[in-house]
Amino acid sequence: MTFHLASVVVDPYTNESAWILKTASRIMNQFAGAGVRVNWIIACGADEARTFLGPLADEFLVFTDPDRTVIRALGLTELPAFVLIRGDGTIPAAAQGWSADSWREVSHEIASLVSWSKPTIPAPGDPGAFRGTPALV
């Protein structure tokens with residue numbers, strides 16, 4: 001069986017990606033038991049990913065993308081991003097940068113697809129909206 005992926009895509013060399021780690025991990029935990037594989041896609045190698053994510057690297061599946069090949073294939077222009085990749089490879093929902101509305105739309109698409117409860121977005125402690133940084137540098 002091929003699972004759907006709920007991917008949070010980050011660039012470890014930017015503040016914007018660091019600002020979203022707590023919020024993203026909260027959202028990912030909401031879907032941890034669902035029929036979707038929550039994961040990080042991080043624009044660096046394994047050592048840098050472990051340094052940037054810290055204990056989150058042990059909590060969630062991590063894909064490294066040092067050449068940004070996957071990021072390019074996903075059509076992303078800003079990071080951080082939140083992307084639903086269906087088992088058939090299609091991308092029905094994606095949010096770039098951080099806004100509660102756009103990440104909520106992706107999370108609702110995931111919840112609907114896998115018949116799961118929706119996370120609260122925004123939640124207390126979530127950052128204010130911000131644009132992402134260029135995904136392809």
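Laboratory data are not the source of any read-out in this text; all were calculated from the coordinates shown. Keep in mind the model is a prediction, meaning the values are calculated, not measured. Neighbour counts are summed over all protein chains in view; Cβ atoms, including those assigned to glycine, are modelled from backbone coordinates with ideal geometry.
Placing dummy labels 7 Å off each Cα toward the beta-carbon, the span from Asp67 to Asp101 is 3.8 nm.
Its DSSP H runs of at least 4 residues, each contributing -39,500 (n - 2.57), put the calculated 222 nm mean residue ellipticity of the chain at -9000 deg cm²/dmol, to the nearest 500.
Calculate the FRET efficiency for Leu136 and Glu48 from the Cβ-Cβ distance with a Förster distance of 30 Å, rounded to the nearest 0.05. Working shown, then result.
Numbers: r = 18 Å, r/R0 = 0.59.
The value I calculate is 0.95.
List the trypsin sites (Lys or Arg not before Pro) within segment 1-60 that DSSP assigns to loop and that have no more than 11 neighbouring Cβ atoms inside 10 Å. Mind dumping the intermediate values first?
On the way: sites: Lys22, Arg26, Arg37, Arg50; in loops: none.
When the trypsin sites (Lys or Arg not before Pro) of segment 1-60 are filtered for loop state and at most 11 Cβ neighbours within 10 Å, nothing remains.
Label-to-label distance for Thr77 and Phe3 is 3.2 nm, based on points extended 7 Å past Cα in the beta-carbon direction. Proximity of backbone amide H atoms, modeled 1.01 Å from N, is registered between Leu79 and Gly97, Thr133, Ala135 at under 5 Å, excluding neighbours fewer than 5 places apart on the same chain.
What ranking do Trp98, Trp19 get, fewest neighbouring Cβ atoms within 10 angstrom at the top? Each step should come with its number before you reach the end.
Details: Trp98 25, Trp19 16.
Lowest count first: Trp19, Trp98.
So if I place +1 on the C-beta of Lys and Arg and -1 on the C-beta of Asp and Glu, and nothing else carries charge, what would the dipole magnitude of segment 4-118 be about its Cα centre? I want it in debye, nearest 20.
Details: 9 positive and 13 negative charges, 61 e Å.
In total the dipole reaches around 300 debye.
A simple spin-label model places pseudo-atoms 7 Å from Cα toward Cβ; at Thr120 and Asn15 they are separated by 2.8 nm. Specify which labelled value, from (1) -0.47, -0.53, -0.64; (2) -0.22, -0.27, -0.40; (3) -0.29, -0.36, -0.52, agrees with log10 I(q)/I(0) by the Debye sum over Cα atoms at q = 0.09, 0.10, 0.12 Å⁻¹ derived from the coordinates of the model shown. Given (1) -0.47, -0.53, -0.64; (2) -0.22, -0.27, -0.40; (3) -0.29, -0.36, -0.52, the calculated one carries the label (2).
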